[in-house]
1. If I go through the range 209-250 residue by residue, how many of them are of a type in the set (S, T, N, Q) and modelled with pLDDT under 95?
2. Got a sec? Which of LYS219, LYS187, LYS215 is over 27 Å from ASN76 (Cα atoms), touching a residue at least 24 places away in the same chain (Cβ under 8 Å) and of a type in the set (D, E, K, R)?
3. Within the bounds of the range 289-309, is there any residue that is under 24 Å from VAL208 (Cβ atoms), in contact (Cβ under 8 Å) with a residue 40 or more places away in the chain and in a loop (DSSP other than H, G, I, E, B)?
4. Name the pairs whose Cβ atoms lie under 8 Å apart, with the first residue in the range 1-26 and closer than 17 Å to ILE79 by Cα and among the β-branched types (Val, Ile, Thr), the second part of a loop (DSSP other than H, G, I, E, B) and modelled with pLDDT under 60, and 6 or more positions between them or separate chains?
5. Identify the residue in the range 266-288 that is modelled with pLDDT under 95 and in a loop (DSSP other than H, G, I, E, B) and, among all such residues, is nearest to THR231 (Cα to Cα).
6. Which number in (1) small (Gly, Ala, Ser); (2) within 27 Å of LYS140 (Cα to Cα); (3) surrounded by 18 or more Cβ atoms within 10 Å (Cβ to Cβ) marks the one condition that SER55 misses?
7. Checking ILE266 against (1) touching a Gly at 6+ places or on another chain (Cβ under 7 Å); (2) touching a residue at least 24 places away in the same chain (Cβ under 8 Å); (3) buried (at least 19 other Cβ atoms within 10 Å of the Cβ), only one condition comes out false. Which one?
Amino acid sequence: MTNDNYIGVTTGTVATACSLAALDAIIESPDIACVKVETPKKTLDIIIDECKLLSSFKAQAVAHKNPYNDPDVTVNLDIIATVELLDKTAEESNVVITGGEGVGKVTKPGLQIPIGDYAINPVPRSMIVKNLEDKIPDGKIAKVVISIPEGKNIARKTMNPKLGIVDGISVLGTTGIARSMSSEAYKNSIVKQIDVAIASEIEDLVFVPGNIGEKLALKKLDVAKEQIIQTGNYVGFMFEEAENRGITKFTYFGHMGKLIKVAGGIFDTKHAVADGRREIMVTHAALCGVDRENLQKLYDSKTTDDMMDILNEVGLSLEVSNSIASAIHERCMQRFDLDLNVILVDMEGNYLNDNMGTV
């Protein structure tokens with residue numbers, strides 16, 4: 001595989017490589033160390049860890065994704081393709097693709113794969129077909145089974161359980177190449193939550209920053225897990241995608257420390273991108289009449305929890321929280337034409353502002 005520390009390959013590319021190696025083992029020789037895979041971007045040389053014949057018409061190949069500069073939970077996982085040549089009937093495709101152990105199954109609508117099918121996305125499927133079809137002997141079809149033995153365990157660290165993909169991970173990829181620290185793949189993953197909710201006709205959605213927000217929302221609000229959408233740091237992206245899909249009203253729920261940034265027009269809440277928490281807090285505190293001495297204390301505070309303690313001491317925490325919630329609502333209305341019910345909470349889930357609507 002590539003030695004570039006900044007790019008890697010997708011699970012779809014590795015699955016394709018294993019499928020190609022297994023087919024080559026049947027029709028040529030099982031002594032396969034590397035294969036050339038055609039991806040939507042370019043041809044890649046992929047190393048095969050193991051390839052073996054299981055019979056004269058069946059073979060299996062194993063490979064893995066080499067580490068690259070990205071927190072990718074699928075790095076170093078064994079990806080296995082078992083290919084079997086079968087007699088072809090008139091109506092059959094040349095390549096039949098299915099999943100095995102550790103590849104998730106789709107249980108909810110709204111994804112690229114229909115309910116009941118294995119979560120092998122369209123581009124990996126087309127890559128497997130494209131790389132194999134010209135090599136399949138006349139009168140035969142290639143049945144390809146993709147397995148990822150550790151997939152079920154790793155799936156807990158992905159969005160799959162929330163998207164209704166059970167018992168494993170997905171075989172993904174749109175270009176065949178995985179670039180380090182790319183936000184595109186993550187955005188593509190989280191936006192599917194909205195698609196699943198719409199396809200499932202789920203109403204009264206609650207957008208939260210992440211896992212903590214989801215746990216607190218389930219604890220404090222009368223909502224089901226299926227109603228909750230995690231934005232990660234990409235608040236602006238997720239709100240825009242919601243609006244593009246016809247969603248104009250929902251609840252925005254979460255810890256003050258995350259949501260306060262939106263009051264300042266910060267729609268990517270990653271700390272390294274922008275902070276502004278103390279500046280926003282001091283501004284709203286000043287508007288609500290907090291004296292200069294306590295404004296300085298707010299400015300010198302490290303966390304919004306510490307700031308709320310100071311505001312509690314001067315009896316203005318609710319007023320300031322209401323001001324911040326109103327600013328969040330206004331910012332979102334200006335940018336996205338979204339009517340939000342904003343709920344700010346602390347780490348215990350205690351409400352900090354007056355509820356602006358109902359959930």
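1. Just the residues of the range 209-250 that are of a type in the set (S, T, N, Q), to begin with: 211, 227, 230-231, 233, 244, 248.
Next, only the ones that are modelled with pLDDT under 95 stay: 211, 233, 248.
The total comes to 3.
2. Details: LYS187 fails: over 27 Å from ASN76 (Cα atoms); LYS215 fails: touching a residue at least 24 places away in the same chain (Cβ under 8 Å).
Matching residue, one of LYS219, LYS187, LYS215: LYS219.
3. Yes.
4. Hits for this filter: VAL9/MET1; VAL9/THR2.
5. Looking at residues that are modelled with pLDDT under 95 and in a loop (DSSP other than H, G, I, E, B), I get THR269.
6. (3)
7. Unmet for ILE266, out of (1) touching a Gly at 6+ places or on another chain (Cβ under 7 Å); (2) touching a residue at least 24 places away in the same chain (Cβ under 8 Å); (3) buried (at least 19 other Cβ atoms within 10 Å of the Cβ): (2).
Conditions (1) closer than 19 Å to ILE128 by Cα; (2) assigned to a strand (DSSP E or B); (3) of a type in the set (Asp, Glu); (4) under 18 Å from the mean Cα position of the chain (by Cα), marked per residue:
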position: ALA81; (1), (2), (3), (4): yes, yes, no, no
position: THR89; (1), (2), (3), (4): no, no, no, no
position: GLU101; (1), (2), (3), (4): yes, no, yes, no
position: LEU111; (1), (2), (3), (4): no, no, no, yes
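The values are calculated or read from the model by the stated rules, or taken from the named source; none is laboratory data. Note that this is a predicted model, so its numbers are computed, not measured. When we count neighbours, we look across all protein chains shown, and the Cβ atoms used for this are built from the backbone with ideal geometry, even at glycine.
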